[in-house]
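Quick notes on the structure that follows.
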Amino acid sequence: MMPETVRQPLLLTPPTSVQPPPLASIIVLNYNGAAWLERCLASLHAQTIFSQIEIIVADNASPDHSDRLAAELMRDWPNGRVIQNGCNPGFGGGSNLAVKQTTGRYLFFLNPDVWLEPDCLERLCQESERARVGAASNLVLDYETNDVQARGAVGFDLFGFMVGPKAGQVPERLFASQGFFFLRRDFFERIGGYDETFFLYCEEFDLSWRIQTAGEEIVHVPSSRMHHRGAAGENPKGGTKLVELRTSDSKRFYANRNHLLTILKNAQHVLLLLLLPALALILAEGLVGALLLRRWSFLSRSCLDALVGCWRLRGHVRAERRRIRAFRRCGDFYLLRFLSCRFSRWHEFKKVLKLGLPKVDQR
């Protein structure tokens with residue numbers, strides 16, 4: 001689905017003043033999340049610091065009317081409300097609109113297909129206050145088990161993709177959060193929030209890179225535990241368990257285009273060389289996919305359209321590079337310490353071995 005014109009959000013439930021101002025504002029960005037909202041919101045209500053937070057469900061014009069479900073579930077909450085963005089501006093656009101409606105010192109961005117263990121937010125707040133860092137990332141587990149899904153990223157590989165910690169490694173500091181951000185509001189606003197041109201995918205890597213560029217750190221809080229289904233919208237089969245791999249031409253377009261945009265925007269000079277292997281990998285993916293699927297439209301959409309999309313956004317890239325230069329504290333030579341020779345996408349090959357080749361929707 002292509003981005004629509006952004007309108008001002010409409011309140012579905014009246015705003016409430018929380019006194020004193022909340023410690024953290026939890027933003028659940030929702031699009032057709034009816035199957036997941038009840039457990040997600042119940043886990044937020046069960047938080048040990050529930051009275052010190054506010055919960056915003058920001059809905060991107062969900063056709064399943066899950067905004068009404070969220071409003072009903074939070075009907076009696078003094079610190080919860082639903083806003084209707086009135087269109088689908090994507091993850092970044094919807095999240096940025098929701099931030100304007102919040103007052104917390106910290107921001108935490110979630111999707112509906114998660115549930116938090118009761119002390120998850122308390123531990124994130126405590127560690128962020130203790131470490132005095134700009135951002136924090138919690139431990140992400142599978143939805144129904146305690147199997148580790150993500151510990152954040154400790155660097156990036158030669159293709160510019162995020163690299164997770166080695167098996168058994170529990171990092172204190174991260175290069176990037178893999179999906180969910182807890183960070184100070186003032187810092188989020190200073191580095192420009194989410195890039196709304198991305199629409200879908202790579203928003204967390206782009207934001208992470210800007211955090212490092214600004215000279216801040218991302219602390220890993222393994223005692224803060226959250227359970228995540230993942231790919232719930234793109235790959236709903238199996239309910240709470242992932243039973244197959246599924247993607248689409250459009251998903252690969254956004255993922256590839258935005259990956260290139262992240263490098264183009266944030267690399268100062270030497271790290272622009274990451275574009276060369278990244279481009280080679282995107283081309284290889286397009287060719288192999290087209291051969292396996294027996295249709296060249298996959299190559300056109302996932303690769304060629306991604307390149308054209310970057311070219312069309314060249315003005316945006318130039319403007320972003322100027323803006324980032326204004327708050328840059330760490331350059332490429334500093335960030336080279338995060339470069340890893342490990343290929344970060346081995347986990348995807350392992351998934352293929354377990355679940356088979358991805359099913360690709362032509363849309």
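The values are calculated or read from the model by the stated rules, or taken from the named source; none is laboratory data. As the structure is a prediction and not an experimental result, all values here were calculated from the model. Methodologically, a virtual Cβ is constructed for each residue, glycine included, from the backbone with ideal geometry; neighbour enumeration extends over all protein chains shown.
When Cys310, Cys330, Cys303 are checked against the criterion of being assigned to a loop (DSSP other than H, G, I, E, B), over 25 Å from Leu242 (Cα atoms) and either under 21 Å from the mean Cα position of the chain (by Cα) or among the hydrophobic types (A, V, I, L, M, F, W, C) (or both), Cys330 stands alone in meeting it.
Here Ser340, Ser344 are screened, and the one residue that is over 27 Å from Lys237 (Cβ atoms), at pLDDT below 95 and buried (at least 17 other Cβ atoms within 10 Å of the Cβ) is Ser340. Being in a helix (DSSP H, G or I) and in contact with a Gly (Cβ under 7 Å, 6 or more places away or on another chain): is that true of Arg323 here? Considered against the rule, which asks whether it is in a helix (DSSP H, G or I) and in contact with a Gly (Cβ under 7 Å, 6 or more places away or on another chain), Arg323 comes out as yes.
Evaluate segment 278-298: report whether one residue or more is outside the structural domain of Leu116 (by TED's automatic domain parsing), modelled with pLDDT of 95 or more, in contact with a Gly (Cβ under 9 Å, 6 or more places away or on another chain) and within 18 Å of Leu207 (Cβ to Cβ). So far as segment 278-298 goes, no, none of its residues is outside the structural domain of Leu116 (by TED's automatic domain parsing), modelled with pLDDT of 95 or more, in contact with a Gly (Cβ under 9 Å, 6 or more places away or on another chain) and within 18 Å of Leu207 (Cβ to Cβ). For segment 45-57, residues that are surrounded by 16 or more Cβ atoms within 10 Å (Cβ to Cβ) and farther than 18 Å from Trp115 by Cβ total 2. Of all the numbered requirements in (1) surrounded by fewer than 19 Cβ atoms within 10 Å (Cβ to Cβ); (2) modelled with pLDDT of 90 or more; (3) within 22 Å of Leu274 (Cβ to Cβ), Gln212 misses one, and that requirement is (1).
When Leu313, Leu274, Leu264 are checked against the criterion of being surrounded by 14 or more Cβ atoms within 10 Å (Cβ to Cβ), closer than 27 Å to Gly92 by Cβ, touching a strand residue (DSSP E or B) at 6+ places or on another chain (Cβ under 9 Å) and in contact (Cβ under 8 Å) with a residue 40 or more places away in the chain, a single residue qualifies: Leu274. Working only within segment 215-241, note down all residues that are touching a residue at least 12 places away in the same chain (Cβ under 8 Å), over 16 Å from Asn111 (Cα atoms) and more than 19 Å from the chain's Cα centre (by Cα). Result: Gly215, Ser223, Lys241.
In segment 195-217 there is at least one residue that is of a type in the set (Ser, Thr, Tyr) and at positive phi. If you filter segment 117-153 down to residues that are touching a His at 6+ places or on another chain (Cβ under 9 Å) and part of a loop (DSSP other than H, G, I, E, B), you find that the one that is surrounded by the most Cβ atoms within 10 Å (Cβ to Cβ) is Gly152.
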